[in-house]
Number of protein chains: 2
Amino acid sequence: VLGSAATIAELTERELIARIHARLPRPPACLIVGIGDDGAVVEAERNRLQVLTVDALVDGVHFDTSFTPPDAIGHRALAVNLSDIAAMGAEPRLALVSLALPVALSCDAFDGIVSGLTALAARERVSIAGGNITRTPGPLTVDITVIGTVKRRQVLTRSGARPGDVLYVSGAIGAAGAGLAMLRAGDSRESSCVERYLFPNPRIRVGLLLGRNRAASACIDLSDGLAEAAHQLAEASNVGLTIEAESVPIDAATRSWFSTRGADALNAAAAAGDDYELLFTVRPRLRGRLAAAVRHSQIPLTRIGVCTSGPDVVVRREIDGRAVDAPFPRGFAHFR
Amino acid sequence: VLGSAATIAELTERELIARIHARLPRPPACLIVGIGDDGAVVEAERNRLQVLTVDALVDGVHFDTSFTPPDAIGHRALAVNLSDIAAMGAEPRLALVSLALPVALSCDAFDGIVSGLTALAARERVSIAGGNITRTPGPLTVDITVIGTVKRRQVLTRSGARPGDVLYVSGAIGAAGAGLAMLRAGDSRESSCVERYLFPNPRIRVGLLLGRNRAASACIDLSDGLAEAAHQLAEASNVGLTIEAESVPIDAATRSWFSTRGADALNAAAAAGDDYELLFTVRPRLRGRLAAAVRHSQIPLTRIGVCTSGPDVVVRREIDGRAVDAPFPRGFAHFR
């Protein structure tokens, strides 16, 4: 990324913006003033609420340029935000992209980041309405704001779960964490895990189906891992959670990577960040609504536990035929 | 800022968010889900377009912690965005705050940054709807997204000027640039200039009056200085500009600081960034509309030139009774 080839130091901010602009499709009709003015002007969708989210990826904290290709940096920076929009049951519409770039960044890396970003934006029909580019004496930082829209009665939050609600997770967990560990170890044979780490697929469709069918009582994404998300959902909803260890979906490649290294696969997978699955709860009597979401989501939705009167978040294992509950350790905490 | 006192390394991200939350007023009714979920949920204003802008301040690029107090960092990071909203004729409503923080940042500095930001937000009735906090191995970076609203027919853009339109600037230019030079020189006696640099006042009211009265044909803010703004407005509108040197408002303290150092006060003031005044154009036959804006703006609005069929942006000086035009040198370019 910090190559010896032509660097962006030779370009002006407006030339960099022009390189981004060139990769964007025709703006939608709702974008009345696009890139190039003091601000973007957009027409809000009628009868929809807006969901706003912002997330930054910092080189050396959220990715490592030594093993993350530029297009994956761009893809991930947008994907983490789309995942937040998905967790609210909303449809992503617009993005603002703020880049802080070291002047030694190569033009090829810049173009790669932009192409990863614009490819995912095009695929999910998100318009890049504007942004900002500045140099930084520090690490490459990609900060993206996404605006989505949702009908009022379809908003999903973290706080609606009640004791007795059933806990579900989309897809499988831990693959991205295993992929990151593989990349760090220089071992990327298990390409499905590496791919999951580099190019996560935010679960936009799952979130939309859960919102539209009003199937979920609470929802959160797994950006900091299952364990952290479980604690946050429990706190926000003021419930406890009992998670059944055997039910948590961990794919074979992930399980085998962790197990052969002597780690407990569930603990390792639950502590790993970078999974962009959704964790959600369903009222038992509304399970029928979930069936429709399951049918159309194309992603498995797995029952992994139940909400309790709380407040503990525990994982239940069968040991010698007896159910044994242990605290579910929290994940990632940024500043400790 | 990077003090020996208690640092944020001891705190978690949620504790930092709680320190911000504690300084915020009660959220407005339009904020349906605020800080603490995957995204904020807001109700868009009816019959208004939205204006979106994002801008980042990076330590060592846009400010210097050695002479910029924490509350000024927070104030300026929001002010630069409010200035962009003002330049579009819009009213700022919501902000998302994304902070990338070195772990050695002191808790006092963190609180100071937050208090500068929240004080300006409260004064301008902007709600902080959400944000993100991450650590960075690099410089303190404050990235803010602001959403404003404006009626469709009141949007101001850079691109509406025509030959013959008259060019105006709000307030006076160069004071912030002089203030920055004073701080760098360790000479801060001229406190009005230093104050202008540290705590700029975005011209929200001026922008709103220009939009509401439909007085301006084009508008841009002076974040990168008068010279750069003049070129950008001219390019976007496909006109030239003739700026009358004697008309450009430069206050006495600014003029004297530059002059006693042997600099041409106009060139120095026009090249200096960090002025958050507005540069705008008015159709000659619509000058009456401007009168109402002048009456209510409380800030002087000064005629400084005229739009030509272009494309040159020149400054006209009277030399020995003759008008002499010289190119107006461009300002700030980020990556060269």
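Summary of values
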| quantity | calculated |
| --- | --- |
| Enumerated strands (runs of 3 or more DSSP E) restricted to the range A:275-336, each holding at least 3 residues that are touching a residue at least 40 places away in the same chain (Cβ under 8 Å) | A:278-282, A:301-308, A:313-319 |
| Output for the range B:227-238, where each listed residue is within 21 Å of A:Gly34 (Cβ to Cβ) and of a type outside the set (S, T, N, Q) | B:Glu228, B:Ala229, B:His231, B:Leu233, B:Ala234, B:Glu235, B:Ala236 |
| Matching residues, the range A:5-28, being more than 18 Å from A:Ser127 (Cβ to Cβ), open to solvent by less than 80 Å² (accessible area, probe 1.4 Å) and of a type outside the set (Asp, Glu) | A:Ala5, A:Ala6, A:Thr7, A:Ile8, A:Ala9, A:Leu11, A:Thr12, A:Leu16 |
| Those residues of the range B:123-162 which are polar (S, T, N, Q), more than 23 Å from A:Asp59 (Cα to Cα) and not in a strand (DSSP E or B), in sequence order | B:Gln154, B:Thr157, B:Ser159 |
| Boolean, A:Val41 is surrounded by 20 or more Cβ atoms within 10 Å (Cβ to Cβ), within 7 Å of chain B (Cβ to nearest Cβ), within 30 Å of B:Glu235 (Cα to Cα) and at pLDDT 95 or above | yes |
| Qualifying residue in the range B:61-68 (condition: touching a helix residue (DSSP H, G or I) at 6+ places or on another chain (Cβ under 7 Å), within 26 Å of B:Ile220 (Cβ to Cβ) and assigned to a strand (DSSP E or B)) | yes |
| Which listed residue, of B:Leu278, B:Leu266, is of a type in the set (A, V, I, L, M, F, W, C) and under 16 Å from B:Ser170 (Cβ atoms) | B:Leu278 |
| Residue list for the range B:58-69, restricted to those being closer than 18 Å to A:Val142 by Cβ and open to solvent by less than 10 Å² (accessible area, probe 1.4 Å) | B:Val58 |
| Flag if B:Ser223 is more than 14 Å from every other protein chain (Cβ to nearest Cβ) and either part of a helix (DSSP H, G or I) or at pLDDT below 95 (or both) | no |
| Neighbours by Cβ (under 7 Å, 6+ apart or cross-chain): first from the range A:68-85, more than 14 Å from chain B (Cβ to nearest Cβ); second open to solvent by 10 Å² or more (accessible area, probe 1.4 Å) and part of a loop (DSSP other than H, G, I, E, B) | A:Pro70/A:Val1; A:Ala72/A:Phe199; A:His75/A:Phe199 |
| Any hit, the range A:194-203, residues being among the hydroxyl-bearing types (Ser, Thr, Tyr) and assigned to a helix (DSSP H, G or I) | yes |
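The values are calculated or read from the model by the stated rules, or taken from the named source; none is laboratory data. Being a predicted model, the structure only gives us computed values, none of them experimental. In this analysis, Cβ positions are derived from the backbone assuming ideal geometry, glycine residues included, and neighbour counts consider all displayed protein chains. Please note that ligands, DNA and RNA were not included when accessible areas were found on the heavy atoms of the full protein model with its side chains. Shrake-Rupley method; radii C 1.70, N 1.55, O 1.52, S 1.80 Å.
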